[in-house]
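To keep things clear, I will list the structure first and then write my remarks on it.
What follows is calculated from the coordinates using simple rules that are stated; it is not laboratory data. Since the structure is predicted, the reported quantities are computational estimates derived from the model, not experimental observations. All Cβ positions, glycine included, derive from the backbone under ideal geometry; neighbour counts span all protein chains shown.
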Amino acid sequence: MEGLMEKLPMNKKKATLLKTWKRRFFRAKDGWLHYYETSNRDKPSDSVQLMGGKIDDLGNRVLGVDDGRGRFLMVRCPTEKEYGQWKLALESQTVNNVTYVRPVMSSPPHPEKKVMIIDIGSGGIRAGVMGAQPCLPQMFFPSVVAKHKTTQELVIGIDAYKPEIRKNSTLIKLVEPSNKVDKDHFRPFAIDMEMMSAVFDYIFKGLKADSAKYWIMLSTPYKLGDAAMSSLMKILTDRFNVKGVCMVMQSLLALYSYNATSGIIVDIGERMEILPIFDGVLIEGGVSRQSYGGQKIADSLNSSLVEHKYNFVTPVDKLLVRYVMEQSCYACENYKDMKSKCDKDSDSYKSTVYLNNFDLPEDAHMSVTHDISCFKSAEGFFNTDLWGMDYPCVHKLIYQAIQSCPMDNRKHMYRAIYLSGGVTMLPGFSERLQAELKKLAPPSVLVEVHASPQRYYSAFIGAGTLLSNLAISEQIFISSEDWKKDGVATFRRWKAS
């Protein structure tokens with residue numbers, strides 16, 4: 001809400017001869033109340049935080065705004081009607097009003113927008129037809145292909161891991177992580193373009209969709225270069241005759257799954273990416289991309305399991321390690337304290353994960369029991385020394401991202417930290433991250449880490465949310481006709497936006 005009100009100087013509770021009421025333009029937005037000189041509404045004269053504070057009804061159309069951190073502002077509304085409106089608007093922003101998108105399991109197709117969303121992840125691929133309301137993907141399968149050594153026949157997804165399939169096949173990861181990270185030329189993954197044609201065919205058949213009738217929204221694990229985008233455009237337009245394509249980074253789409261346009265996105269899958277975004281604009285100076293992520297947890301866990309006489313070596317074995325990680329690992333509140341207690345009484349910290357639901361060989365382990373590795377494996381995010389790495393910790397990277405933002409926006413960014421990616425689903429991760437950030441933030445600043453229950457699918461959900469609010473136009477999609485006519489030059493449209 002915005003409009004004209006009168007105010008007393010900050011922290012003054014009554015007017016005096018010199019400190020009297022002044023008329024100012026006010027704007028309440030995103031948990032803050034800003035006021036401006038009436039002649040200049042570009043930069044606020046001052047601001048008071050509403051989130052976490054309270055609004056006092058002082059009578060005579062006067063409201064007291066207490067931020068709970070030592071600042072108090074009295075405002076007077078022009079009319080009784082505006083008084084009621086301002087009171088409601090201010091009170092609504094004193095509580096956490098971040099509303100992440102709540103998708104349904106399935107939804108009828110959108111009546112007007114024929115769009116297919118394909119999220120190409122490092123661990124899995126999610127796909128579905130855009131619904132009338134945000135929904136979960138209709139297809140979800142591992143990013144792996146088995147290629148027969150003799151016949152060259154391809155098997156895509158979970159079936160590629162079947163013993164009878166992989167026995168005579170080569171397993172190919174569609175999105176292969178890279179250990180090289182360069183801020184200006186970030187290529188943390190390599191997409192196997194030779195396999196993507198077969199993967200798209202698998203998706204279209206699985207969804208029973210005529211590709212020629214659909215626009216394709218591609219969610220990618222990183223910002224693709226022109227060569228990679230060209231390869232994907234050629235496959236989709238030449239072989240599948242799609243109507244058009246749009247490509248967006250997963251981490252950018254994740255923000256839309258929180259119904260937000262400003263905040264710090266913390267996206268952790270097999271790699272980690274931290275993006276500060278304000279009003280939809282990426283703040284490049286604060287972007288951080290790291291070559292470690294979920295795989296480091298699995299590697300740390302596997303090393304500990306070897307000490308317990310467990311042996312997981314093959315690609316399929318490592319899927320079992322990932323399963324054990326998902327079932328038993330967590331981020332603890334205080335590592336030193338927890339380790340000290342575990343050293344004295346390890347039995348109290350033991351966790352057993354049973355593997356008898358899987359079709360394993362007779363000599364395989366049917367269960368895995370471990371103790372300190374339950375919480376030590378993920379501790380490397382907050383102390384990379386435990387992983388033998390000389391890299392910044394996640395909370396320090398987020399702090400750097402916030403510091404890269406304009407000073408006037410930093411308080412907002414501290415309470416607008418959004419998690420995305422499967423690794424952030426680890427129990428205790430969001431609470432530990434918030435606790436570590438509070439140690440770095442100024443004492444008067446509120447820190448909030450937001451964790452949607454569906455953040456494992458946040459890029460897919462965000463894509464549907466973004467598209468539901470936009471018209472399918474040349475601004476976001478490149479039509480097949482434009483691509484065939486202008487080629488790579490059409491990519492300027494995405495770079496400009």
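Taking every DSSP bridge with both residues inside segment 194-306, close to 65 percent are antiparallel. Other residues with beta-carbon under 11 Å from the beta-carbon of Phe278 carry, at +1 per Lys or Arg and -1 per Asp or Glu, a net charge of -2. Size descriptors for segment 50-171 (Cα atoms only): Rg and Dmax, in that order, 27.7, 86 Å. Here Arg239 and Leu171 are evaluated by their C-beta separation; at R0 = 25 Å the FRET efficiency comes out at 0.55.
Ignoring lysines fewer than eight residues from Lys19 along the same chain, the ones with Cα atoms less than 26 angstrom from its Cα are Lys7, Lys43, Lys54, Lys87. The distance between label points at Ser367 and Asn11 comes to 6.2 nm (points 7 Å beyond Cα on the Cα→Cβ vector). Computed from phi, the 3J(HN,Hα) profile of segment 440-453 under the Karplus parametrisation 6.51, -1.76, 1.60 (θ = phi - 60°) reads 8, 6, x, x, 8, 9, 7, 10, 9, 10, 9, 10, 5, x Hz, with x in place of Gly and Pro. If a/c stays under 1.5 just call it rounded; otherwise compare a/b with b/c (prolate if a/b is bigger, oblate if not). Do that for the chain, with a ≥ b ≥ c from the square roots of the Cα gyration tensor eigenvalues. Oblate, because a/c is 1.5 or more while a/b does not exceed b/c. Judged by the mean number of other Cβ atoms found within 10 Å, the most tightly packed of the peptides 361-372, 229-240 leads the ranking 229-240, 361-372.
With Cα atoms defining each centre, segment 84-150 and segment 306-367 are spaced 32 Å apart in the structure. Taking all C-alpha pairs of segment 20-60, those more than 13 Å from each other amount to 60 percent.
Can you figure out the FRET efficiency of Gln327 with Ala489, using R₀ = 56 Å and their beta-carbon distance, to the nearest 0.05? About 0.65, to the nearest 0.05.
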